[in-house]
Amino acid sequence: MIEKAKELGKQLDITDFAYLRGWIQRFKERRGMRKRKYHGEVDSADMTSVQTGRHDLRQLLTDYNPEDIYNMDETEFFYRLGPNYTLATETTKGTKKSKDRITVALTANATGTHKFKPFVIANFQTAN
C-alpha cells in the first residue's frame, strides 16, 4: 500500500507527505478496514476417529524396527491459487479457487535416516 501511495502521490505531484506505516494503520482504523478471511469450503476431521486410529497404529507398529517403518505423504502445490485474505471494510465473498496443482510425494523412514528424493505424482489442470 505504501508503494501504491507513493506512486499516486507522484502522479498527483504531492511532495509534503510522509509515507510511513502509521498513516496506513490510522487510515484502516478510521474506515473500519481489517484483514478478513474469505469464506468458502470447509472440511473437518472426526477427532474421535483420529485418536482411535493413532492408538491402533501405535499398537501395530510396536513389532517393527523404526528404521523399517516408512511413511509416504503427498503434498500439493496450487500454483494458481489466490490469497485467502483481503483488506476490506465488511465481509467479502470469495471466488472459485483454482484447482491447478502439482502433487509431490515425500517418503522417509521413522528415524529420518533414509529419505527418498521427492517425486511428482501428478500434474492436474482444470479446463479453461
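Roughly how many percent of the accessible protein surface of the chain is carbon and sulfur, given a 1.4 Å probe and a whole-percent answer? Mind dumping the intermediate values first?
Values: 5880 of 11190 Å².
Its accessible area is 53 percent carbon and sulfur atoms.
Taking mean projected area of the Cα convex hull in nm² as the quantity of interest, determine which of (1) 10.5; (2) 12.9; (3) 14.7 was computed from the displayed structure.
Computed from the coordinates, mean projected area of the Cα convex hull in nm² corresponds to (3).
For the chain, with the dipole built from +1 on Lys and Arg beta-carbon atoms and -1 on Asp and Glu ones, taken about the Cα centre, which of 107, 53, 122 lies farthest toward the positive end?
Value: 122.
For the range 49-81, state which chymotrypsin sites (Phe, Trp or Tyr not before Pro) are in a DSSP loop and have at most 13 other beta carbons lying within 10 Å of their beta carbon.
Details: sites: 64, 70, 77, 78, 79; in loops: 64, 78, 79.
Of the chymotrypsin sites (Phe, Trp or Tyr not before Pro), the ones in loops of the range 49-81 whose Cβ has at most 13 other Cβ atoms within 10 Å are 64, 78, 79.
Say the cut-off is 24 Å between C-alpha atoms; which of 35/93; 10/37; 4/99; 6/99; 4/35 go over it?
10/37; 4/99; 6/99
For the chain, what does the accessible surface come to per residue with a 1.4 Å probe? Please give it in Å². Before the final figure, lay out each step's value.
Values: 11190 Å² over 128 residues.
So the chain comes to 87 Å² accessible per residue, rounded to a whole number.
The values are calculated or read from the model by the stated rules, or taken from the named source; none is laboratory data. Note that this is a predicted model, so its numbers are computed, not measured. Counting neighbours? That spans all protein chains shown, and the Cβs are built from the backbone with ideal geometry, glycine included. Side chains included, ligands, DNA and RNA excluded: accessible areas come from the protein's heavy atoms. Shrake-Rupley method; radii C 1.70, N 1.55, O 1.52, S 1.80 Å.
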